[in-house]
Every structure is written in structure tokens, then in C-alpha cells.
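The values are calculated or read from the model by the stated rules, or taken from the named source; none is laboratory data. If you're wondering where the values come from, they're calculated on a predicted model, not measured in any experiment. Heads up, the Cβs are rebuilt from the backbone with ideal geometry, glycines too, and the neighbour counts pull from every protein chain shown. Quick note on the areas: whole protein, heavy atoms, side chains included, nothing else; ligands and nucleic acids left out. Shrake-Rupley method; radii C 1.70, N 1.55, O 1.52, S 1.80 Å.
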Amino acid sequence: MAQDPCVSEIVKQLDQACREAGFFYVKGHGIPETLVKEVRNITHKFFDLPYEEKLKIKMTAAAGYRGYQRIGENITKGVPDMHEAIDCYKELKQGMYGALGKPMEGCNQWPDSPQNFKELMEEYISLCTELSRKIMRGIALALGGLPGEFEGERGGDAFWVLRLIGYPEASTANGKCTPENDIGCLLAKQFSGAHTDYGLLTLVNQDEDIIALQVRNQSGEWISAPPIPGTFVCNIGDMLKILSNGLYESTLHRVINNSPTYRVCVAFFYEPNYDAAMEPLEVCVRRSGGTRKFEKAVYGEHLVSKVQTNFVV
């Protein structure tokens, strides 16, 4: 694979994007655009439902933190986020991972309305899983490893998370959000606070007519990541930062919806095996000076530590 000129060029681009930004766009991904749009459309339809209907699948700890959360129930660094969401995880059977898996055991809560919601999302999850596996093979080559570096014990039974997020249209503080008090307005309404993702790779499917996603660059500036039709915005997560021994940084990002329109984002998170122990790859240790910069981290422990502090349930 690495000797193929076309593959080599893509791998070079991936390496540059992961080193310099941690975010990149993927086009020609093979997932039908009709499906990508329908996933957003049906998510809009769900969030348009009355609260009473949405609360039928309310997230609880007993449900393995799966289901619907109201605006303000997601917490980033102690501050409530102004968005609502449905959280879905790869289902874990009882006792599958012992004590490690217990907090995340359960079945996903799919709404009865809109119709075909579950079927559509499961088709989308399957295609996103395969696409993510292909991208991770390119990233493995970019790091100087073998194409299957992130499979087998690390990701051969990859965990996944699907997060359907709805961001209310921008409203003003007392009707008077002006350039002079913009900072105060943003502090009063944190749509999605600055954070990094937990796993390996994220595929972001966002409404095409709203610019809201922002990425912090190496200079500490917030740069907009506008939607480009036919593409996914991709970013790397905490586990890939460890595996790469810091060659690739899991980049801070946030969402600020200044649009007068309700915004939907469907984020697919491709993760390691639930019980996989992540530690720097030897090839990455050599390429980054010979010193291991990170201790071993078990993905499931990392996920649970985040989930149990990020949600009000």
C-alpha cells in the first residue's frame, strides 16, 4: 500500500493535517450523500418534537448513559452546554467486560418517531465504521507503521459512539448582544464548550448552511471549520494522541451557533476496543525522540471517567 503513488500522496497529506491541525476534511468517502443528508434531516425531525415526546428516551445511568438529554444537561469543564442530544454507544452485554464495562452496559434507546429512525442510524453507523477503519489505515501508514496497526488487539472490535446534537438558534442576552458585549453573550450561552474527543477518530456531519464549529490552531487562535458539501470534517482524539506519542495532538474544538437557525450535527466517534490498553507505538517513540511521553491508558476507563462527569442524569 505504502508504495502506491496515490496512497503515498494521501498519506503525506494525512500526516501534515494531523501534525499541524488535528482536523481535516474527507471527500470521496463512498457514503451516499442522500444518506448523509437524511441522517441530518431525521435528526432535525426528532428535535422538533415536543419535549414530552423526546423525554420518552431520557438518558439515565441505568440505561448505560444512552438516550436523550435536554439542553443544559451536558457539562463541559463545569459549565452547562446549550444543546440537546441523543447519545448512542456500541451495545455491551451484561458482564461482557466485567467491572470495566458495567457503567456502559445496556441497549440504545431509539425513538419510535420519526419512523425508521433506528434502521437509518444503524445503516449509517455501519458505513461510518468501515470508512473510519480505512482512514485509520492511512493514519497508521502516516505514522510509519503497518496498515493494520490500529486493528487486532487495539481496534479489531472497535467501540463506537454516535452523538446526535441539536444547537438552538442564536438568541440575544436581553435582546442586546452587540459587538461591545459579544464576550459576555458567549459566556452566557456556551453552545458546546472547548473540549477534545476521547477516542481515535471523529466524523462530523454538520448542517451545510451554518458555520459554527471552531478549532483552536497551534497559535491558540480559534479558526472556523465551515461545512463543505460532500465531505466529513474529521478530527483525532485522545487515544490517537497517546498512540502517536504526541506526534498528533487531539485538538481543542468548540461550537458557537450565531445563526438565527437551529443547527444539527451528527458526530460519529470511532474508538479502540473497549478494553484495549493504549500506549505509544514503538515507531512513534523512535520518531519523537525516544522517550515515552504517556503512560498506558485503558480506553474503557477513559470513556467512563468522562461520561460520569460530563452528564447530569
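Figures for the structure shown
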| quantity | calculated |
| --- | --- |
| Yes/no for residue 249 being within 18 Å of the chain's Cα centre (by Cα), farther than 25 Å from residue 71 by Cα and modelled with pLDDT under 95 | yes |
| All positions within the range 128-159 that are open to solvent by 20 Å² or more (accessible area, probe 1.4 Å), closer than 22 Å to residue 28 by Cβ and not hydrophobic (A, V, I, L, M, F, W, C) | 129, 130, 133, 134, 137, 147 |
| Residue within the range 95-109 that is in contact with a helix residue (DSSP H, G or I) (Cβ under 6 Å, 6 or more places away or on another chain), open to solvent by less than 40 Å² (accessible area, probe 1.4 Å) and modelled with pLDDT of 95 or more present | yes |
| Some residue of the range 57-76 being in a helix (DSSP H, G or I), within 18 Å of the chain's Cα centre (by Cα) and in contact (Cβ under 8 Å) with a residue 12 or more places away in the chain | no |
| Positions within the range 211-255 being without any contact (Cβ under 8 Å) to a residue 60 or more places away in the chain, crowded, with 21+ Cβ neighbours inside 10 Å and hydrophobic (A, V, I, L, M, F, W, C), in sequence order | 212, 213, 242 |
| Every residue from the range 1-34 that is outside any loop (DSSP other than H, G, I, E, B), of a type in the set (Val, Ile, Thr) and either closer than 19 Å to residue 133 by Cβ or modelled with pLDDT under 95 (or both) | 7, 10, 11, 26 |
| Counted residues, the range 150-198 - those being in contact with a Leu (Cβ under 9 Å, 6 or more places away or on another chain), modelled with pLDDT of 95 or more and either among the hydroxyl-bearing types (Ser, Thr, Tyr) or not in a strand (DSSP E or B) (or both) | 3 |
| Residue within the range 76-88 that is open to solvent by 20 Å² or more (accessible area, probe 1.4 Å) and among the acidic types (Asp, Glu) present | no |
| Positions within the range 256-313 being of a type in the set (Gly, Ala, Ser), open to solvent by 40 Å² or more (accessible area, probe 1.4 Å) and within 15 Å of residue 154 (Cβ to Cβ), in sequence order | 277 |
| Qualifying residue in the range 69-80 (condition: farther than 21 Å from residue 302 by Cβ and modelled with pLDDT of 95 or more) | no |
| Of residues in the range 1-27 being of a type in the set (A, V, I, L, M, F, W, C) and over 20 Å from residue 228 (Cα atoms), the one most open to solvent (accessible area, probe 1.4 Å) | 1 |
